[in-house]
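Notes for the one structure printed next.
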There are 2 protein chains.
Amino acid sequence: MTRHSDTTSYKDIKQTVLERIRSGEWRPDSLLPNEQELAIAFSCTRTTVNRALRELADEGFLERRRKAGTRVLSAPQRQARFTIPLVRDEVEAMGGTYRYALVSSEACTAPDWLSARLALRAGQDVMHVRCMHYSGNTPFQYEDRWIVIESVPQVSQADFTGTGPNEWLVETIPFTNVELTFLASRADASLAGFLDVPEGEPIFTTERITWLQGQPVTLAKLYFAAGYRMTTQI
Amino acid sequence: MTRHSDTTSYKDIKQTVLERIRSGEWRPDSLLPNEQELAIAFSCTRTTVNRALRELADEGFLERRRKAGTRVLSAPQRQARFTIPLVRDEVEAMGGTYRYALVSSEACTAPDWLSARLALRAGQDVMHVRCMHYSGNTPFQYEDRWIVIESVPQVSQADFTGTGPNEWLVETIPFTNVELTFLASRADASLAGFLDVPEGEPIFTTERITWLQGQPVTLAKLYFAAGYRMTTQI
DNA sequence: AAAAATTTAAAGTCTACACAAAATGGAAAT
DNA sequence: ATTTCCATTTTGTGTAGACTTTAAATTTTT
């Protein structure tokens with residue numbers, strides 16, 4: 001089914017612009033014609049051209065400045081953009097059956113490294129939760145999480161035997177700022193046991209620090225099973 | 001300086017909507033009023049409301065469907081979005097002096113695992129380039145790259161002694177599709193030597209497969225120095 | 001020359017309106 | 001009861017035009 005034909009869509013314009021860049025017709029660092037001229041060339045309104053170019057700029061292909069015009073970026077800012085799934089969803093997307101198990105959960109005083117990392121006051125109380133996520137009976141992820149009690153007082157009453165702290169937190173304080181770190185770490189004896197890998201195995205790890213309006217809420221260290229690969233298309 | 005006051009900007013609407021979600025006024029899974037109603041409530045046009053809600057949907061806060069309306073996502077699709085820097089930029093951003101060294105560069109027949117991975121025809125020729133990136137004299141990244149000669153014939157004449165294949169490729173065939181993978185791998189004897197770490201050390205690794213209009217162009221395996229952390233804010 | 005003020009070109013955003021496309025919910029037919 | 005069809009609602013996108021904001025370029029002043 002073809003779209004009604006005599007009108008130019010912003011998507012067509014995006015396509016065309018990208019093609020002209022790819023083909024070298026519009027070289028990196030060169031200026032595009034201004035919106036008015038493009039509108040005439042594409043026989044559409046400036047509004048439509050504006051949307052197309054604005055989105056291409058958001059996507060990192062163009063640079064736009066008032067009065068200066070629109071420029072092809074020489075080193076396109078390729079942006080990886082991937083969604084952070086809940087463990088449950090990730091396991092189920094792979095066709096596995098998600099299973100959760102609490103390892104330990106206890107309130108304690110924040111250790112020094114944690115206080116430093118989250119900029120806590122000395123001696124602030126935190127809840128330390130450790131748990132496992134399985135795909136069927138295969139270990140999938142070991143979670144080592146610290147929750148600042150003062151930032152989320154309800155956590156004292158929370159019960160993590162049935163559902164994990166992540167799902168609980170998402171329910172309780174939804175929209176937060178997050179700092180996400182990826183790294184490779186080494187399985188120590190304890191972790192090797194939980195993930196069922198040899199000690200010393202390289203483990204893909206993500207650390208997630210969550211803030212609610214400037215207040216540190218939680219630090220989670222997530223250790224993935226051996227061989228885990230995080231993939232995204234750009 | 002205050003903006004001209006009696007008009008509502010789409011940014012204000014975005015802010016307000018987010019606040020109402022945060023405050024619990026609009027619960028997860030609930031329907032928002034439709035665009036027409038919101039336009040009246042904000043005393044602006046539907047166009048402006050549309051832009052605000054569309055962007056919030058792009059950012060993963062809302063779900064919109066024709067006829068069904070606009071819904072608050074219960075598990076907001078938090079999207080990590082980070083730019084892929086060139087190694088040079090990354091080193092220099094950390095205050096280091098970037099240095100590049102070619103290890104080896106040779107044309108050969110694609111090994112079977114590579115043919116399979118990139119969906120090459122059997123026996124297709126590739127250029128195999130290995131090189132090091134340093135920050136000052138500290139190893140920063142070891143790069144192991146395969147380039148499909150048929151997709152980039154110019155590569156036969158390319159000289160990688162002075163600049164790395166990545167910078168060369170970015171110049172030569174700018175806008176491509178990329179599949180990006182993150183994983184933790186183990187330093188074998190050779191890699192341990194290049195990165196100056198003990199053998200067996202966990203190494204943060206990214207693999208990048210690049211396609212140009214469906215044609216496989218290159219597979220790069222990038223091994224980062226010990227302790228490397230990739231961080232992003234959401 | 002250098003600095004300050006002015007002009008002006010380009011993108012940014014809004015209004016107002018129209019029609020298109022999708023998908024839901026209900027009505028009709030099987 | 002199930003399927004097919006249709007009306008209706010809601011978002012998606014376009015046109016036309018206006019005013020705003022930014023910042024580059026020019027002119028004027030120091």
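The values are calculated or read from the model by the stated rules, or taken from the named source; none is laboratory data. Predicted model only: the values in this text are computed from it and were never measured. Neighbour counts are summed over all protein chains in view; Cβ atoms, including those assigned to glycine, are modelled from backbone coordinates with ideal geometry. Remember, those area values only see protein heavy atoms, side chains included, never the ligands or the DNA or RNA. Shrake-Rupley method; radii C 1.70, N 1.55, O 1.52, S 1.80 Å.
Might you tell me the accessible area per residue for the range B:87-224, computed with a 1.4 Å probe and given in Å²?
43 Å²
Along the Cα-to-C-beta direction of A:THR109, a point sits 7 Å from the Cα; which residues of the range A:138-173 have their amide N less than 18 Å from that point?
Only A:147-150 fall inside the zone, counting backbone N under 18 Å.
Could you please state how large a percent of the accessible area of the range A:87-224 is carbon and sulfur, counting protein chains only and using a 1.4 Å probe?
48 percent
For the range B:97-172, which chymotrypsin sites (Phe, Trp or Tyr not before Pro) are in a loop by DSSP, counting at most 13 other Cβ atoms within 10 Å?
none
What residues of the range A:20-39 lose no less than 10 Å² of accessible area with every protein chain in place versus their chain by itself (probe 1.4 Å, heavy atoms only)?
SASA drop of 10 Å² or more in the range A:20-39: A:ILE21, A:ARG22, A:PRO28.
Interface size between chain B and chain A, please: total buried accessible area, 1.4 Å probe, rounded to the nearest 100 Å².
So the buried area, both faces added, is about 4500 Å².
Could you name the lysines whose alpha carbon sits less than 25 Å from that of A:LYS67, not counting residues in the same chain fewer than 8 places away?
A:LYS11, A:LYS14, B:LYS11
In bins 20 Å wide, starting from 0, what share of all Cα pairs of the protein assembly as shown does each bin hold, as a percent?
Per 20 Å bin, starting at zero, the Cα-Cα P(r) for the protein assembly as shown comes out as 19, 49, 30, 2 percent.
Quick check: with the 1.4 Å probe, what order do A:MET132, A:MET94 take by accessible area, largest first?
Sorted by accessible area, descending: A:MET94, A:MET132.
Only sites in a loop by DSSP and with at most 14 other Cβ atoms within 10 Å count here; which chymotrypsin sites (Phe, Trp or Tyr not before Pro) in the range A:31-95 make the cut?
none
Based only on Cα atoms, what Rg/Rh ratio does chain B have, Rh being taken as Kirkwood's radius?
1.14
For chain A, take the longest principal axis of its alpha carbons; what is the angle in degrees between that and the long axis of helix A:46-58, to the nearest 10 within 0 to 90?
Helix A:46-58 and the main axis of chain A meet at about 40 degrees.
Using r as the Cβ-Cβ distance of B:ALA116 and B:ARG54, and R0 as 60 Å, what FRET efficiency do you calculate, to the nearest 0.05?
After rounding, the FRET efficiency stands at 0.90.
Defining a contact as two alpha carbons under 8 Å apart and six or more residues distant in sequence, what relative contact order in percent does the range A:87-224 show?
It comes to 22 percent, rounded to a whole number.
Given springs between every Cα pair under 10 Å in a Gaussian network model of chain B, which of B:ALA110, B:ALA122, B:ALA75 has the largest fluctuation?
B:ALA75
Quick one: work out Rg over Rh on the C-alpha atoms of the range A:73-135, Rh as Kirkwood radius.
1.21
Can you tell me the dipole magnitude for the range A:10-72 around its Cα centre, using point charges on the Cβ only (Lys, Arg +1; Asp, Glu -1), in Debye to the nearest 20?
In total the dipole reaches around 200 debye.
Starting from the Cα gyration tensor of the range B:10-72, take the square roots of the eigenvalues, sort them a ≥ b ≥ c, and report rounded, prolate or oblate (rounded when a/c is under 1.5, otherwise prolate if a/b is larger than b/c, else oblate).
Judged from the Cα gyration tensor, the range B:10-72 comes out rounded (a/c under 1.5).
Taking +1 at the Cβ of each Lys and Arg and -1 at the Cβ of each Asp and Glu, which of A:CYS44, B:GLY95, B:LEU180 sits farthest along the dipole of the protein assembly as shown towards its positive end, judged by Cα position relative to the Cα centre?
Positive-most Cα among the choices belongs to A:CYS44.
Given Cβ point charges of +1 (Lys, Arg) and -1 (Asp, Glu) and nothing else, what value in debye, to the nearest 20, does the dipole of the range A:57-193 about its Cα centre take?
Around 920 debye, computed over the range A:57-193.
Which of A:LEU195, A:LEU31, A:LEU120 ends up with the largest GNM mean-square fluctuation for chain A, with Cα atoms connected below 10 Å?
Maximum among the listed residues: A:LEU31.
When only Cα pairs under 8 Å and 6 or more residues apart are kept, what is the percent relative contact order across the range A:10-72?
It comes to 40 percent, rounded to a whole number.
Over all alpha-carbon pairs in the range A:1-125, figure out the percentage whose distance exceeds 16 Å.
74 percent
Per residue of A:198-211, count partner chain C-beta atoms within 10 Å of its C-beta, then hand back the mean as an integer.
That works out to 3 on average.
Where the only charges are on Cβ atoms (+1 Lys, Arg; -1 Asp, Glu), what is the dipole of the protein assembly as shown about its Cα centre, to the nearest 20 debye?
Dipole about the Cα centre, nearest 20: 1680 debye.
Tilt of helix B:10-23 relative to the longest C-alpha principal axis of chain B, in degrees (0 to 90, nearest 10)?
Compared with the principal axis, the helix lies near 80 degrees.
Can you give the convex hull volume per residue for the Cα atoms of the range B:87-224, as a whole number of Å³?
Hull volume over Cα atoms, normalised by residue count, gives 112 Å³.
Grab the DSSP H runs of chain B that are 4 residues or longer, score each as -39,500 (n - 2.57), total them, divide by all residues and round the 222 nm result to the nearest 500 deg cm²/dmol.
-7500 deg cm²/dmol
Under a GNM of chain B (C-alpha, springs under 10 Å), which listed residue has the highest mean-square fluctuation: B:ARG186, B:ARG121, B:ARG27?
The residue with the greatest mean-square fluctuation here is B:ARG27.
In sequence order, what are the phi-derived ³J(HN,Hα) couplings for the range B:186-201 according to the Karplus relation 6.51 cos²θ - 1.76 cosθ + 1.60 with θ = phi - 60°, rounded to whole Hz, with x for glycine and proline?
10, 6, 7, 4, 5, 4, 4, x, 4, 8, 6, 10, x, 4, x, 4
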